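Read through the structure below, which is laid out as structure tokens, and then see the notes.
The values are calculated or read from the model by the stated rules, or taken from the named source; none is laboratory data. All values derive from a computational prediction rather than experimental measurement. Please note: Cβ atoms are built from the backbone with ideal geometry, for glycine as well, and neighbour counts cover all protein chains shown. When the accessible area is computed, the model is the full protein with side chains, heavy atoms only, and any ligands, DNA or RNA have been set aside. Shrake-Rupley method; radii C 1.70, N 1.55, O 1.52, S 1.80 Å.
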Amino acid sequence: MEDRLELLQGTLDLLILRTLQLGPTHGHGIAKAIQRSSEDALLVEEGSLYPALHRLLKRGWITYEEGSSENNRRAKFYRLTPKGKKQLAVETTKWEKLAQAIARVLRPA
Amino acid sequence: MRKRHPLNGLDDEIRDHIDREALDNVAMGMHPLEARRAALRKFGAPLRTHEDARAVWIPVWLDTLRLEVRQGIRSLLRSPGYLLASVLTVALTLGANAAIFSAVHAVLLSPLPIREPDRLVVGWEINRSRNQSVVEISYRDFEAWQGIGSTFAEVAAFGSSIWSLSLEDDIDPVRLAAVGVSSNFFDTLGTPPLWGRFFRAEDDRSGVVRPLVLSHRVWRTRFAADPAIVGATIVTGDGPAEIIGVAPADFDFPRGVDVWLPVVPVLAGVAGIDGLRDVSVLFTVARLHEATSAQTAEANLQRMVDNSASIGDRFGTAVQLTPFLEYELGPVRAALWWLWAAVGLLLLVACGNVAALMLGRTVQHRREHALRRALGASATARWRSTGVEALVIAVVGGLCGLVAARWFLHAIVALAPDDAPRLAGATVSLTVVGFTFILVLVVAFLTASVSLLQARRLSLVDALRESGHAVTGTSLKTRAWLVGAQVALSVLLMTGAGLMLRSYLNLRHLNLGFVPENVVTFEIDSRRAGAAHNEWAAALVARLEEMRDIDAVGVAHVRPLGLGAIGTDSTIVLEGQPNARTSAGPNPLVNYNAVSPGYFPAMRIRLAEGRLFTADDGGRSRRVVVVSESTARTLWPNQDPLGRRVSLLAVSEGDPAESWRTVIGVVGDVRYRGLDDVRLDIYEPASQSSARAGYLVVRSTRDGLAIAGAIQAEARRVEPRAIFNGTITMEAVVRRATATWTLAAWLFGLFAVSAVVLVCVGLFSTLSLEVTRRSREFALRIALGARAADIVRRALGTIGGCVLSGAAIGLVLAVLTAGFLGRLLFEIQPVDAVTYAAVVCMIALTAGAACLVPIHRVTRISPVDELRRID
């Protein structure tokens with residue numbers, strides 16, 4: 001547990017968008033997906049997931065629908081909007097550039 | 001559009017999430033309870049999640065405010081008495097403020113369809129040697145005014161009085177109010193036409209068809225607001241006229257005008273003399289240059305008049321310029337400004353009461369607040385809750401007040417003068433709502449700040465220790481100051497009300513010279529020329545006299561208290577004075593009227609000496625006149641006027657030597673031109689005059705309006721084409737003339753009474769609280785032998801001092817500001833001893849009334865009971 005890296009706020013948004021690109025799902029599903037794809041390296045405080053989802057909703061990058069889940073319970077299913085798709089590409093590029101820049105700085109002189 | 005909000009069901013969502021995680025944990029082999037705990041741990045604090053998610057949509061401060069407001073409302077509902085008292089006080093005073101502001105906005109603040117009215121002035125001449133405060137000028141004089149380029153940007157002229165233009169219409173002939181204006185009249189005012197065009201220079205040339213501009217009201221009522229009427233020709237009593245344009249909706253200058261016509265053709269057409277030079281019926285309206293002030297303009301004009309060669313018979317002529325808005329709006333303007341000030345004062349007094357109530361509550365709850373502070377609440381929490389409560393009360397009061405304002409406004413419009421410019425259109429508009437909202441914020445601020453300032457002085461420790469009384473020593477001092485301030489404001493209001501009331505009473509008891517009850521008047525037009533019309537009128541009068549329910553009937557050329565400066569001024573020459581025109585100069589002008597014999601009894605004008613006209617004073621008899629007492633006193637001081645002879649140059653034709661008239665009677669003065677305007681009256685028999693007697697005056701035993709129909713039918717029988725117009729009772733005429741003072745007196749009085757009631761209530765509650773607070777102390781003193789009078793003196797001490805100083809300050813302020821009431825005061829001085837004495841008495845009475853119960857309680861304190869009582 002202690003090995004898990006904490007996420008910064010902006011990056012959580014990016015991860016959510018990426019997760020939803022693979023298909024609509026509910027909040028718990030998103031949390032599980034992130035955990036799985038990062039191979040358990042990332043610690044997602046699930047409490048912060050929902051405020052992040054609402055931020056994305058407010059910006060119009062994702063939207064939701066009421067539906068019923070596997071065990072027949074009602075849940076909100078989130079999915080990407082076209083704007084969100086575009087934003088994901090933009091953010092991904094920014095993140096990669098940032099990572100490259102930091103890597104360059106950290107490279108042994 | 002999805003109407004659901006993402007926040008809906010967030011709780012369920014969170015719960016589901018945790019359930020799913022728990023299920024997954026169970027699937028991984030955990031014990032159900034452990035699974036659930038692990039899931040909760042992993043999730044974090046659901047409440048925090050919920051708050052953070054909410055914070056995305058709703059700013060935190062807004063959320064907090066919502067909470068505070070809900071709490072505030074709940075807290076207020078727990079004290080319904082307090083809530084009701086504060087809301088009611090605020091609602092009524094805010095409503096009054098909104099209503100008065102609606103009137104002020106409609107009359108004074110909304111823009112007129114006139115360009116920069118504050119740069120306009122209305123001008124005429126005055127002749128001090130003849131005691132004439134308003135003297136019209138001729139067209140040539142007007143052109144001379146135009147010649148002073150440096151003073152005025154533009155000068156126009158308009159007729160000083162309105163004449164009746166009959167509109168020939170087979171269906172419904174009617175008389176319209178017409179005025180003659182110079183061709184640049186509308187351009188000077190900067191008014192754009194609604195339809196068509198206004199006058200141009202070429203319209204001054206007399207043609208067969210005269211150009212005519214319609215007022216919006218006539219266009220709407222007579223011509224069904226049809227734009228196609230522009231260009232049409234209509235037939236009037238003076239010939240055909242072409243409608244060239246329609247004035248915009250709000251344009252009413254001069255007041256009450258239905259149509260405008262070019263004045264030059266009218267003047268040029270006066271037979272026998274040079275109308276443009278010798279007929280003086282014009283006022284000017286001029287636009288000042290940017291840099292010129294009204295005083296400079298007056299001085300320049302005066303210089304021109306003094307140097308002018310055409311002075312001749314105008315000795316002692318001076319020039320007077322009045323600001324346009326003052327001329328147009330009259331005393332209503334002053335009345336409205338003062339009423340607005342008064343109602344503002346009332347609002348402050350009301351705020352004082354509400355602030356005191358709030359203070360009581362704060363003090364009462366100080367224990368609760370102290371506990372909260374001790375448990376960790378922030379210091380600002382109390383401020384916020386007090387502020388929110390004040391805001392809630394103010395907002396609720398404001399909303400109720402706006403509803404009440406509509407009724408208040410109805411009442412104001414009903415009381416106000418019928419012809420009050422633009423008042424009829426006053427409504428509770430968006431502007432008024434906005435203004436009320438600002439007032440709401442002011443009220444909330446004022447009332448809350450008193451409590452907050454006081455609350456800072458309440459120490460926490462003492463609050464927790466004390467017994468929870470509703471009042472503390474310091475808060476009582478604050479209350480006492482509040483009451484003092486309220487007393488000062490009330491004194492101001494009462495002084496204003498007292499002065500207004502006395503002006504109104506002076507007005508009511510004014511001797512108008514006639515008795516208006518049961519008299520109804522009509523404007524009649526037989527479509528004949530002057531003398532023939534008078535013959536017809538005499539026949540009509542004879543027929544009407546035989547009708548039932550009619551006491552007396554008469555006709556007259558001028559009716560008392562006509563709107564505006566309507567009347568005929570005539571020069572007069574006394575027998576024995578040289579006959580030339582120039583010697584008529586030093587004689588004052590007389591107010592001319594041509595009347596039938598029945599006029600005097602119909603109006604119940606008092607006969608002082610001699611006799612009145614009879615049927616024998618006809619066209620072929622000796623020419624006679626009747627004069628008023630003032631005329632007799634002025635023209636023949638200390639002599640008997642009966643038998644003297646005079647000549648009225650203005651109305652006589654032919655050789656003046658043949659038109660001497662003998663004075664046969666003296667009657668009382670009648671106010672023809674205005675309530676405070678006594679002229680020198682002179683009467684001729686209508687049968688001996690060529691001046692058209694266009695007013696029918698009927699005194700009946702019953703309500704005059706009820707028999708108006710019968711009278712009209714009778715008139716039509718004598719002349720089928722006769723026009724009947726302007727049916728109005730003399731009582732209504734008098735009421736219209738006094739309406740501004742009626743309005744001012746009523747409203748000022750209402751505000752003053754309200755303020756007094758509020759002060760009484762405030763004083764009473766403060767005194768009661770003081771007695772309650774110190775009852776133990778008093779009990780001790782009584783037990784130790786103090787006398788009742790001593791105790792009473794102590795109880796009233798601080799508060800009495802505040803009341804007295806408040807009253808003193810109020811009186812000083814009143815003396816300083818009463819002078820500005822100006823025109824609103826009728827025959828009364830601003831510093832009127834009776835009024836001020838009455839105000840002082842009222843304050844004493846109010847204070848006394850408020851004191852009664854508390855003092856009674858003080859004297860009934862039983863030391864034994866009091867000292868035994870455990871708090």
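So is residue B:633 at pLDDT below 90, in a loop (DSSP other than H, G, I, E, B) and open to solvent by 20 Å² or more (accessible area, probe 1.4 Å) or not? It is false that residue B:633 is at pLDDT below 90, in a loop (DSSP other than H, G, I, E, B) and open to solvent by 20 Å² or more (accessible area, probe 1.4 Å).
Please find, among B:371, B:345, the residue that is of a type in the set (A, V, I, L, M) and open to solvent by less than 60 Å² (accessible area, probe 1.4 Å). Answer to the check: B:345. What about residue B:485, is it among the small types (Gly, Ala, Ser), open to solvent by 20 Å² or more (accessible area, probe 1.4 Å) and assigned to a helix (DSSP H, G or I)? Considered against the rule, which asks whether it is among the small types (Gly, Ala, Ser), open to solvent by 20 Å² or more (accessible area, probe 1.4 Å) and assigned to a helix (DSSP H, G or I), residue B:485 comes out as yes.
The selection criterion, being more than 22 Å from the chain's Cα centre (by Cα) and at pLDDT below 90, holds for residue B:79.
When we screen B:778, B:751, B:764 for residues that are part of a helix (DSSP H, G or I), at pLDDT 90 or above and touching a helix residue (DSSP H, G or I) at 6+ places or on another chain (Cβ under 6 Å), the only hit is B:751. Checked against (1) surrounded by fewer than 18 Cβ atoms within 10 Å (Cβ to Cβ); (2) closer than 24 Å to residue B:342 by Cα; (3) of a type in the set (A, V, I, L, M), residue B:814 passes all but condition (1).
Tell me, yes or no, whether region A:97-106 has at least one residue that is under 27 Å from residue B:58 (Cβ atoms), open to solvent by 90 Å² or more (accessible area, probe 1.4 Å) and not hydrophobic (A, V, I, L, M, F, W, C). Checked region A:97-106: no residue is under 27 Å from residue B:58 (Cβ atoms), open to solvent by 90 Å² or more (accessible area, probe 1.4 Å) and not hydrophobic (A, V, I, L, M, F, W, C). When restricted to residues that are more than 9 Å from every other protein chain (Cβ to nearest Cβ), surrounded by 15 or more Cβ atoms within 10 Å (Cβ to Cβ) and in a helix (DSSP H, G or I), region B:17-34 contains 3. Residue-level analysis places residue B:217 outside the set of residues that are open to solvent by 10 Å² or more (accessible area, probe 1.4 Å) and more than 17 Å from residue B:255 (Cα to Cα). When residues of region A:37-65 are filtered for being over 21 Å from residue B:44 (Cα atoms) and either at the interface with another protein chain (Cβ under 8 Å from one of its Cβ atoms) or of a type in the set (A, V, I, L, M, F, W, C) (or both), how many remain? Number of matching residues: 5. Take the conditions (1) over 15 Å from residue B:42 (Cβ atoms); (2) more than 8 Å from chain B (Cβ to nearest Cβ); (3) surrounded by fewer than 22 Cβ atoms within 10 Å (Cβ to Cβ); residue A:34 misses just one of them, which is (1). Take residue B:121 and decide whether it is more than 14 Å from chain A (Cβ to nearest Cβ), in a helix (DSSP H, G or I), modelled with pLDDT of 85 or more and more than 30 Å from residue B:12 (Cα to Cα). The answer is no for residue B:121. Would you be able to say whether some residue in region B:680-696 is in a helix (DSSP H, G or I), open to solvent by 30 Å² or more (accessible area, probe 1.4 Å) and at pLDDT 85 or above? Yes, that holds for at least one residue.
Can we say residue B:852 is at pLDDT below 80 and open to solvent by 70 Å² or more (accessible area, probe 1.4 Å)? Spell out the reasoning first.
Numbers: at pLDDT below 80: no; open to solvent by 70 Å² or more (accessible area, probe 1.4 Å): yes.
It is false that residue B:852 is at pLDDT below 80 and open to solvent by 70 Å² or more (accessible area, probe 1.4 Å).
May I ask you to verify whether residue B:14 is within 14 Å of another protein chain (Cβ to nearest Cβ), hydrophobic (A, V, I, L, M, F, W, C) and in a helix (DSSP H, G or I)?
Values: within 14 Å of another protein chain (Cβ to nearest Cβ): yes; hydrophobic (A, V, I, L, M, F, W, C): yes; in a helix (DSSP H, G or I): yes.
When the stated conditions are applied, residue B:14 passes them.
Within region B:43-98, restricting attention to residues that are buried (at least 17 other Cβ atoms within 10 Å of the Cβ), under 20 Å from residue B:386 (Cβ atoms) and of a type in the set (Val, Ile, Thr), the residue that is farthest from the other protein chains (Cβ to nearest Cβ) is B:89. The set of residues in region B:540-576 that are surrounded by fewer than 21 Cβ atoms within 10 Å (Cβ to Cβ), on the phi > 0 side of the Ramachandran plot and at pLDDT 80 or above contains only B:549. Taken as a whole, the condition of being in contact with a helix residue (DSSP H, G or I) (Cβ under 6 Å, 6 or more places away or on another chain), open to solvent by 20 Å² or more (accessible area, probe 1.4 Å), over 19 Å from residue B:57 (Cα atoms) and away from chain B (no Cβ under 14 Å) does not apply to residue A:22.
Among residues that are outside any strand (DSSP E or B) and either charged (D, E, K, R) or more than 14 Å from residue B:195 (Cβ to Cβ) (or both), residue B:254 is included.
Yes or no: residue B:789 under 30 Å from residue B:475 (Cα atoms), part of a helix (DSSP H, G or I) and within 35 Å of the chain's Cα centre (by Cα)? Here the answer is no, as residue B:789 does not meet what is asked.
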